[in-house]
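Visitor: Structure below; questions to follow.
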Amino acid sequence: MATINNYWIVCSSCRKLGVEYGAYGIGVILLMSLTDKLKPRVWLVYWCIFHCFILVILSMLNIFQGWAMLAGFIIFQFNGKQGSRAKWFYVFYPTHLIILGIINYLIQSR
């Protein structure tokens with residue numbers, strides 16, 4: 001019960017301080033910390049309920065976060081073993097960010 005009370009205190013503080021992602025971000029962190037403590041199907045149900053609840057609140061604020069619910073289904077596929085080491089990712093990820101930054105610069109400089 002203390003964990004739930006601490007969660008609400010942290011969420012309230014995040015909202016008051018204007019932290020990016022606010023209570024939603026804290027909720028996602030809390031759910032991610034439960035992935036190894038709950039049965040996978042129970043965790044997925046919690047994930048979907050959390051996101052449906054958040055979608056209702058955020059839709060009132062005209063913020064779209066619906067695609068985040070799909071991440072739970074990807075996480076649900078994790079079997080507890082480390083996958084293959086994709087070293088190409090360490091080149092691809094920063095390279096695509098640089099390319100997107102250049103495109104953004106070119107668009108903004110017009």
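The values are calculated or read from the model by the stated rules, or taken from the named source; none is laboratory data. Computed from a prediction, not measured in an experiment: that's the story for all the values here. Backbone-built Cβ (ideal geometry, glycine too); neighbour counts: all protein chains shown. These accessible areas exclude ligands, DNA and RNA; they are computed on the full protein's heavy atoms, side chains included. Shrake-Rupley method; radii C 1.70, N 1.55, O 1.52, S 1.80 Å.
Visitor: When ALA23 is evaluated against the numbered criteria (1) at pLDDT below 75; (2) open to solvent by 80 Å² or more (accessible area, probe 1.4 Å); (3) in a helix (DSSP H, G or I), which criterion, by number, is the only one it fails?
Guide: (2)
Visitor: How many of the residues making up region 42-73 are at pLDDT 80 or above and open to solvent by 50 Å² or more (accessible area, probe 1.4 Å)?
Guide: 4
Visitor: Can you spot a residue in region 74-86 that is open to solvent by 80 Å² or more (accessible area, probe 1.4 Å), modelled with pLDDT of 70 or more, within 22 Å of ARG41 (Cβ to Cβ) and among the β-branched types (Val, Ile, Thr)? Break it down stepwise before answering.
Guide: If we filter region 74-86 for residues that are open to solvent by 80 Å² or more (accessible area, probe 1.4 Å), which is where we start, we get 74, 77-79, 81-82, 84-85.
Of the ones still in play, those that are also modelled with pLDDT of 70 or more are 74, 77-79, 81-82, 84-85.
Checking which are within 22 Å of ARG41 (Cβ to Cβ) leaves us with 74, 77-79, 81.
Within this subset, residues satisfying the condition of being among the β-branched types (Val, Ile, Thr) are 74.
Yes, region 74-86 has at least one match.
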